[in-house]
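Accompanying notes for the structure given below.
The values are calculated or read from the model by the stated rules, or taken from the named source; none is laboratory data. Bear in mind the structure is a predicted one, so any value in this text is a computation, not a measurement. Cβ atoms come from the backbone with ideal geometry, glycine included; neighbour counts cover every protein chain shown. Areas reflect the complete protein model, heavy atoms only, side chains present, ligands, DNA and RNA absent. Shrake-Rupley method; radii C 1.70, N 1.55, O 1.52, S 1.80 Å.
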Amino acid sequence: MLNLTYKYDCEGISFSTVANILAVVGMNYNTEILTEKKFRNSTHVVFVFDDDRLIAFARAISDGVCQATVYDVAVHPDFQGKGIGKTLIEKLKEKLSGFNIILYAAPGKEDFYRKLGFSRMLTGMALFPDEEMRRERGFIE
């Protein structure tokens, strides 16, 4: 049985664990130091623990008025399929109630987010310094 707790700040977080989880799920392109910087510079973070073990997280950046973007939604594979990802998104949506929320999702996860109320944007555009790699991984046309 899971004993889940949620944390909404970065104090005491093991960013080596965050980087490892991102790597395990195929999302880590940064060092531990850069991963920590991304999370600390975010306006909203949610970390999920099972007892004392960090197992999932998500982050958002917001202008504090009406716009927000969600990044790095990740659940350790040992804990996927248990509703934790859904809960992460619900908790961020609560914090960002009334905001336009844009989600940066990994290719293939669109149906998961669609079930949580997100819609595919028709006007989204991107500019990446590593464009070819992003194209190969299915992020852009």
Problem set entry | Single condition A56 does not satisfy, out of (1) open to solvent by 50 Å² or more (accessible area, probe 1.4 Å); (2) closer than 30 Å to M1 by Cα | (1)
Problem set entry | Of the criteria (1) over 12 Å from the mean Cα position of the chain (by Cα); (2) of a type in the set (V, I, T); (3) closer than 25 Å to K115 by Cα, which one V65 fails | (3)
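Here's a check for you: in the range 131-141, which residue that is without any contact (Cβ under 8 Å) to a residue 24 or more places away in the chain and in a loop (DSSP other than H, G, I, E, B) is surrounded by the most Cβ atoms within 10 Å (Cβ to Cβ)? Explain how you work it out, then say what you get.
Step one: list which residues in the range 131-141 are without any contact (Cβ under 8 Å) to a residue 24 or more places away in the chain, which gives 131-136, 140-141.
So of that shortlist, the ones also in a loop (DSSP other than H, G, I, E, B) come out as 140-141.
Details: I140: 15, E141: 5.
Out of the qualifying residues, it is I140.
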Exercise. Looking at the range 71-89, is at least one residue closer than 22 Å to F139 by Cα, open to solvent by 40 Å² or more (accessible area, probe 1.4 Å) and in a strand (DSSP E or B)?
Worked result: yes
Seminar exercise, completed: When every residue in the range 1-30 that is without any contact (Cβ under 8 Å) to a residue 24 or more places away in the chain and more than 18 Å from H76 (Cα to Cα) is compared, the one most open to solvent (accessible area, probe 1.4 Å) is E11
Exercise. Taking only pairs six or more apart or across chains, which ones have beta-carbon atoms under 8 Å, a first residue in the range 88-112 that is over 12 Å from S62 (Cα atoms) and aromatic (F, W, Y), and a second residue that is assigned to a helix (DSSP H, G or I) and open to solvent by less than 70 Å² (accessible area, probe 1.4 Å)?
Worked result: F112/G85
Exercise. Restricting attention to the range 105-118, does a residue exist that is open to solvent by 90 Å² or more (accessible area, probe 1.4 Å), outside any helix (DSSP H, G or I) and modelled with pLDDT under 95?
Worked result: yes
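What residue, among those in the range 1-18 that are part of a helix (DSSP H, G or I) and under 19 Å from I61 (Cβ atoms), is nearest to the chain's Cα centre (by Cα)?
Taking the range 1-18 first, the residues part of a helix (DSSP H, G or I) are 15-18.
If we keep only those that are under 19 Å from I61 (Cβ atoms) too, we end up with 15, 18.
Details: F15: 14, V18: 11 Å.
This residue is V18.
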For this session: Output the number of the condition that L127 fails; it satisfies all remaining conditions of (1) farther than 24 Å from T17 by Cβ; (2) of a type in the set (A, V, I, L, M); (3) modelled with pLDDT of 95 or more.
Result: (3)
Exercise. Filter the range 95-104 for residues that are within 15 Å of the chain's Cα centre (by Cα) and open to solvent by 30 Å² or more (accessible area, probe 1.4 Å); which is nearest to L22 (Cα to Cα)?
Worked result: Y104
